[in-house]
Amino acid sequence: MTTRQKFIAGNWKMNGSLQANAALLKAITQGLREQPPACKVAVAVPMPYLAQVQALLAGSSVQLGAQDVSQHEAGAYTGETSAAMLADLGVRYGLVGHSERRQYHGETDAVVATKAQRLLAAGITPIVCVGETLAEREAGQTGTVVARQLAAVAEALGQQIEKIVLAYEPVWAIGTGRTATPEQAQQVHAALRAQLASAAPGGAMVPVLYGGSMNAANAADLLAQSDIDGGLIGGAALKAPDFLKIIGAAQA
Ligand code: PEP
């Protein structure tokens, strides 16, 4: 039997404003006060809003997340944000390897692995994203691609791999409204869990989230799968009622 607690993380991407963030978080934290979640909850917000959101989340059950981190420790890296800076702002989770970073910013498996190391060294839990493109899925390469992406991080972290959160995000499902079926997702999650289990003694307990057009209507079916431990939610995390419904679907 598993005792892995479900985890719902929102990824706001490059959305928001001081005003919109305050309204969204007010609705979310109020909803969670009325109906306390059975799962862990976090929101990964744009860098300029980390301090605002840290203050707005004080005393709530929602944890603060960042969407990226520099692969470098400190110094002459204009525009970058270090893991230590994120820790300073109370960040508990950091996304690494999101497909939008791999695709638009040329992030390699090695860069993703280094970023995960930086976060862990600063006491922040990396949410490592892996996923195949549509072409890779159609070529029957899903298993090989996600295994390679995870292996790069596992090699860099060694036994510390058991401290990450993993997110399976098929690229073809992100922001497209096209969701993996629960069976498709479960198949990949089971393979990823087996890989984690063989990488470290506690590897089987690593939370493995699904991401890719998860919404209020499909969350329950996805979350009912034995190896789906939660969701990484993009678009639906920007609408409080939808995000709250997804959280409500995530029973411990
Ligand atoms: C994401 O950005 O990680 C994501 C899963 O987005 P969406 O839910 O919008 O597909």
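For the condition out of contact with any Phe, Trp or Tyr (no Cβ under 9 Å at 6 or more places or on another chain), within 25 Å of Ala237 (Cβ to Cβ) and among the charged types (D, E, K, R), what is the one hit in Glu169, Glu183, Glu162, Glu155?
Sole residue among the options that is out of contact with any Phe, Trp or Tyr (no Cβ under 9 Å at 6 or more places or on another chain), within 25 Å of Ala237 (Cβ to Cβ) and among the charged types (D, E, K, R): Glu183.
Given the criteria small (Gly, Ala, Ser), within 11 Å of the ligand (Cβ to nearest atom) and in contact with an Asp or Glu (Cβ under 9 Å, 6 or more places away or on another chain), does Gly211 qualify?
Yes, satisfied.
Tell me the residue from Val153, Val206, Val188 that is hydrophobic (A, V, I, L, M, F, W, C) and within 16 Å of the ligand (Cβ to nearest atom), please.
Val188
More than 17 Å from Cys129 (Cβ to Cβ) and either surrounded by 14 or more Cβ atoms within 10 Å (Cβ to Cβ) or among the basic types (Lys, Arg) (or both): is that true of Ala51 in this structure?
Answer is no for this residue.
Just the residues that are at pLDDT below 95 and either hydrophobic (A, V, I, L, M, F, W, C) or more than 20 Å from the chain's Cα centre (by Cα) (or both), please, taken from the stretch 1-33.
Met1, Thr2
Can you tell me which residue within the stretch 214-233, out of those that are farther than 18 Å from Gln187 by Cβ and surrounded by fewer than 24 Cβ atoms within 10 Å (Cβ to Cβ), is farthest from the ligand (Cβ to nearest atom)?
The extreme case among them is Ala220.
Being of a type in the set (A, V, I, L, M, F, W, C), surrounded by 20 or more Cβ atoms within 10 Å (Cβ to Cβ) and modelled with pLDDT of 95 or more is the filter here, so list the residues in the stretch 174-207 that pass it.
Ala185, Val188, Leu192, Leu196, Ala199, Val206
Check off (1) under 19 Å from Leu119 (Cα atoms); (2) surrounded by 15 or more Cβ atoms within 10 Å (Cβ to Cβ) for Tyr77 and give me the number that stays unchecked.
Tallying (1) under 19 Å from Leu119 (Cα atoms); (2) surrounded by 15 or more Cβ atoms within 10 Å (Cβ to Cβ), Tyr77 fails exactly one: (2).
If I ask for residues that are more than 11 Å from the ligand (Cβ to nearest atom), more than 13 Å from Val112 (Cβ to Cβ) and touching a strand residue (DSSP E or B) at 6+ places or on another chain (Cβ under 8 Å), which ones from the stretch 156-185 would you list?
Result: Lys163, Val165, Ala185.
What's the number of the condition Ala147 fails, among (1) crowded, with 24+ Cβ neighbours inside 10 Å; (2) modelled with pLDDT of 95 or more?
(1)
The values are calculated or read from the model by the stated rules, or taken from the named source; none is laboratory data. Computed from a predicted model, the values in this text were never measured in an experiment. Neighbour counts are summed over all protein chains in view; Cβ atoms, including those assigned to glycine, are modelled from backbone coordinates with ideal geometry.
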